[in-house]
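Some notes on the structure that comes next.
Just so you know, all these numbers are worked out from the coordinates, no wet-lab data involved. Just so you know, these numbers come straight off a predicted model, no measurement behind them. In this analysis, Cβ positions are derived from the backbone assuming ideal geometry, glycine residues included, and neighbour counts consider all displayed protein chains.
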Amino acid sequence: MRGRFPFARTLSVLAALLVLPLTAPAAASARPGGECATPSIDRLQQWLASGEGTTVPATGSLLVPEGHRYAARVTFLKAEWHVAVVWLGNEFEAQADLSRSAGFLLTYRATDDLYVQLRPASHWSGGDKWLTLVPSTGGKLVTRFFGFSPRRWTSLPELGTPSYSFASALREARGLVFVGKTPNELDFRGLRIDGYRPPCL
C-alpha cells in the first residue's frame with residue numbers, strides 16, 4: 001500500500017497542471033466578488049454618453065472610481081432630450097434574452113424624473129421604444145426594483161409608439177437606455193438584472 005502513495009501524489013500534481021491552463025483565463029476575466037477586471041458596475045462595463053443632448057461628459061464612458069468600486073455619473077443640461085446607454089452584453093452587437101427575468105434592481109441618485117428604455121437589437125435606433133419612469137430621488141441614493149411586467153412599460157407620444165411588442169424586446173434586449181428631457185444629475189451605483197449575468201469582456 002505504501003508504494004502506491006507516491007504514484008497517487010504524482011497523478012494529483014499532473015491533474016492540477018492540466019486543469020490550470022483551462023481555468024486561468026476565466027479567473028483573469030473577473031475580480032473577486034464578481035466584478036470585471038476592467039471598470040464595471042455589477043459586471044456591466046459599458047455605461048456611455050451617446051452624444052445626444054447636452055451632457056457632461058458629452059460622449060464616452062460614464063464610469064468613475066468610487067472608493068474600491070465604480071459609479072456611472074452623467075449630468076443632463078438644458079431642456080432637451082438626453083441619452084445615456086448601458087450595453088447589456090458589454091458590446092454593441094451582443095444581446096440578452098430577458099423573457100424569463102422578473103426585472104432589475106437599480107441603485108441610483110437623480111435630481112429629476114427620467115425614463116429608461118428597453119432597446120432590442122432589431123429596433124435599436126430611434127425614440128419609439130418601450131419605457132418606464134425612473135422617479136427622481138431628490139438627490140438621495142436609493143435602490144428600486146423595476147419589473148418587466150408589460151403593464152409597467154409604455155411609450156411617449158412625443159417619442160413615438162413602438163412597432164414591436166414588449167415581449168419581443170425582452171427576447172432580444174441589447175441595452176437599457178436612460179433618457180430625460182430636463183436638467184438632471186445622475187449617479188448610478190448598481191444595476192442587477194434578475195436571471196442575467198453579464199459576460200466580462
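Details
- Straightening the chain between ARG171 and GLU158 buys 2.1 nm, computed as 0.36 nm per residue apart minus the Cα-Cα spacing.
- Annotation: lysines with alpha-carbon distance below 18 angstrom to LYS129 (same-chain offsets under eight excluded): LYS181.
- Extension gain, PHE92 to ALA58, is 10.3 nm, computed as 0.36 nm per intervening residue step minus the present C-alpha separation.
- The gain in end-to-end length when the ALA37 to THR75 segment is fully stretched comes to 11.0 nm, 0.36 nm per residue minus the alpha carbon separation.
- Each peptide among 165-173, 115-123 gets the average number of other Cβ atoms lying within 10 Å of its residues, and from highest to lowest they stand as 115-123, 165-173.
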